[in-house]
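*Asks:* Please read through the structure below; I'll follow up with questions.
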Amino acid sequence: MTSESLDAAQVAARAQFDRQSERYGRSHILHDVTDVERALAHVPGPAPNGGDRALDVATGAGHTGLLLAARGFATTLADLAPGMLAEAGRAAAERGLTVDLAEHAAETLPYENGRFALVSCRVAGHHFSRPGRFVAEAARVLRPGGHLLLIDGTVPDGEPEAAEWIHLVEKWRDPSHGRFLSPGEWRSLLAEAGLHSVHERVEAMKQPDLEWYFTTANTPDPNRHEVRRLLREVPPAAQRVFQPGEQDGRVIWWWQRLTLVAVKQRGDTGIGTGGPEQETRS
Ligand SMILES: C[S@@+](CC[C@H](N)C(=O)[O-])C[C@H]1O[C@@H](n2cnc3c(N)ncnc32)[C@H](O)[C@@H]1O
């Protein structure tokens, strides 16, 4: 994959995550895949013959995709940052798991229609330049009845002031951040792509320490200064939604994390009637 085939947001994400790939291994909070395990309760397990394929898009250090491989899916770990794929490949070898590694962007999936039983994407959609294009591509490469498992930071629908604040914080911390989409925005993209949401959960997830947050992104000093300024000037809506504050001498806040599981409609099964099962935790 050459830089010429990537847009500016993808080039920025690739550079950022290549630089930071070593920080995404076991010590990273993403190593805890309890959220994925919970979501998989809403996805049929792979067929025992090992024939069901899964694609983990924007795999990072492979935390999600390796769980799928361990569950018996024939799994492809894909990312646009070669440094991240190298980390993921090392982690697979350490765990004795066989996976395919693929270097490509989320917005252009180089696979034939209907190849996968499951497409997953965790904590990456907010970097995508065209999330709608990613969802459409995921729908295309899923077989009828196949599932999309999406987990990402989110902002509540109807909270523009809070959304603006968290976007500024994230953008100063890591300029390759794009946007957190609200549950309603994701739902519209799924519906446009012919995917029917069967499970939706929003929960609060702790940002554990401002210093850790900066270190994992290698945030330059002037940008840290801007984030600290935003933390001194939190608008009321952002205070209510993200609850920034101090805990044990650390600056923390509570991200909103969205989990969505959606199924590709078969056309004749009646899937598509009724709404998703919804949960909200905070
Ligand atoms: C926070 S990490 C992902 C974590 C991982 N999914 C997990 O479950 O631990 C974000 C990843 O998204 C990748 N990424 C960002 N934009 C991308 C894009 N447009 N296409 C593919 N990968 C992308 C980055 O290279 C990075 O590895």
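*Asks:* Apply the Karplus parameterisation 6.51 cos²θ - 1.76 cosθ + 1.60, with θ equal to phi minus 60°, to every residue of region 158-168 and state each ³J(HN,Hα) to the nearest whole Hz, in sequence, with x for glycine and proline.
*Replies:* x, 10, x, 5, 5, 4, 4, 5, 5, 5, 5
*Asks:* Which value, in nm² and rounded to one decimal, describes the direction-averaged projected area of the C-alpha convex hull of region 52-123?
*Replies:* Working: hull surface 16.9 nm².
Averaging across all directions leaves 4.2 nm² for the Cα convex hull.
*Asks:* Please list, in order along region 63-69, the HN-Hα scalar couplings obtained from phi with the Karplus expression 6.51 cos²θ - 1.76 cosθ + 1.60 (θ = phi - 60°), rounded to whole Hz, x for Gly and Pro.
*Replies:* Working through the residues one at a time gives 4, 6, x, 6, 5, 5, 5 Hz.
*Asks:* Got a sec to turn the phi values of region 70-75 into Karplus ³J(HN,Hα) couplings, 6.51 cos²θ - 1.76 cosθ + 1.60 with θ = phi - 60°, whole Hz, x for Gly and Pro?
*Replies:* Working through the residues one at a time gives 5, 7, x, 6, 7, 10 Hz.
*Asks:* Placing +1 at every Lys and Arg Cβ and -1 at every Asp and Glu Cβ, with all other atoms neutral, what dipole size does the chain have around its Cα centre, in debye to the nearest 20?
*Replies:* So the magnitude is around 260 debye.
*Asks:* Near the amide H of L101, under 5 Å away, which other amide H atoms are found, from residues 5 or more places off or on another chain, if H is placed in the peptide plane?
*Replies:* Under 5 Å from the amide H of L101: L77.
*Asks:* Still on this model: How big is the Rg/Rh ratio for region 18-137, C-alpha atoms only, Rh by Kirkwood, two decimals? Mind showing how you got there, number by number?
*Replies:* Values: Rg = 13.4 Å, Rh = 14.4 Å.
That ratio is 0.93, to two decimals.
*Asks:* Taking amide H positions as placed in the peptide plane 1.01 Å from N, state which residues far from R122 in sequence (5 or more) or on other chains have amide H under 5 Å from it.
*Replies:* Amide H to amide H, under 5 Å and 5 or more residues apart or across chains, R122 pairs with I151.
*Asks:* Could you give the C-alpha radius of gyration of region 68-184 expressed as a fraction of 2.2 N^0.38 Å, taking N as the number of residues it contains?
*Replies:* Numbers: Rg = 15.8 Å, N = 117, 2.2 N^0.38 = 13.4 Å.
Relative to the 2.2 N^0.38 Å estimate, region 68-184 comes out at 1.18.
*Asks:* In bins 10 Å wide, starting from 0, what share of all Cα pairs of region 126-259 does each bin hold, as a percent?
*Replies:* Reading the bins upward from 0: 11, 39, 30, 15, 4, 0.
*Asks:* With a point put 7 Å past each Cα toward its Cβ, work out how far E112 is from R23 in nm, to one decimal.
*Replies:* Rounded to a tenth, the inter-label distance reads 4.2 nm.
*Asks:* What net charge is computed for the residues neighbouring R122, neighbours being all others with C-beta under 13 Å from the C-beta of R122, Lys and Arg scored +1, Asp and Glu -1? Before the final figure, lay out each step's value.
*Replies:* Numbers: positive: R38, R257; negative: D32, D35, E37, D56, D79, D152.
Around R122, the charge tally is -4.
*Asks:* Taking region 140-205 as the region of interest, what is the percent of Cα-Cα pairs per 10 angstrom bin, listed from the shortest bin to the one with the maximum distance?
*Replies:* 17, 44, 29, 10, 0
*Asks:* Run through all the Cα pairs of region 43-87 and give the fraction in each 10 Å bin from 0, expressed as whole percent.
*Replies:* 32, 48, 18, 1
*Asks:* Moving to a separate point now. Starting from the Kirkwood Rh over alpha-carbon pairs, what translational D in µm² s⁻¹ does region 1-85 have by Stokes-Einstein at 10 °C and 1.306 mPa s?
*Replies:* 113 µm²/s
*Asks:* May I ask you to give the percent of accessible area on region 76-133 that is carbon plus sulfur, with a probe radius of 1.4 Å?
*Replies:* 49 percent
*Asks:* Roughly speaking, to the nearest percent, how much of region 155-228's 1.4 Å accessible area is carbon and sulfur?
*Replies:* Values: 1630 of 3000 Å².
It is 54 percent, rounded to a whole number.
*Asks:* If you don't mind, another one. May I ask for the distance between the Cα centers of region 78-103 and region 124-168, given as a whole number of Å?
*Replies:* Taking the Cα centre of region 124-168 as reference, the centre of region 78-103 is 23 Å away.
*Asks:* Evaluate the relative contact order of the chain (contact order divided by residue number), counting alpha-carbon pairs under 8 angstrom at least 6 apart; express in whole percent. Could the numbers behind the result be given before it?
*Replies:* Working: 528 pairs, mean separation 53.2, N = 282.
Result for the chain is 19 percent.
*Asks:* In units of 2.2 N^0.38 Å, what is the alpha-carbon radius of gyration of region 215-269? Show your work: numbers first, answer last.
*Replies:* Details: Rg = 18.3 Å, N = 55, 2.2 N^0.38 = 10.1 Å.
My calculation over the Cα atoms of region 215-269 gives 1.82.
*Asks:* A follow-up question, please. Regarding the chain, what's the average projected area of the Cα-atom convex hull, expressed in nm²?
*Replies:* Details: hull surface 59.1 nm².
The Cα convex hull of the chain, projected and averaged over all directions, gives 14.8 nm².
*Asks:* On average, how much accessible surface per residue is there in region 1-89, in Å², for a 1.4 Å probe, leaving out ligands, DNA and RNA? Walk me through the numbers on the way to the answer.
*Replies:* Values: 3730 Å² over 89 residues.
Accessible surface, normalised per residue, equals 42 Å².
*Asks:* For G146, what residues show an amide H to amide H distance below 5 Å, using hydrogens built from the backbone and excluding near sequence neighbours?
*Replies:* For G146, the qualifying residues are K264.
The values are calculated or read from the model by the stated rules, or taken from the named source; none is laboratory data. Small disclaimer: the values here were computed from a predicted structure and weren't measured. When we count neighbours, we look across all protein chains shown, and the Cβ atoms used for this are built from the backbone with ideal geometry, even at glycine. Side chains are part of the model used for accessible areas, which takes the heavy atoms of the whole protein and leaves out ligands, DNA and RNA. Shrake-Rupley method; radii C 1.70, N 1.55, O 1.52, S 1.80 Å.
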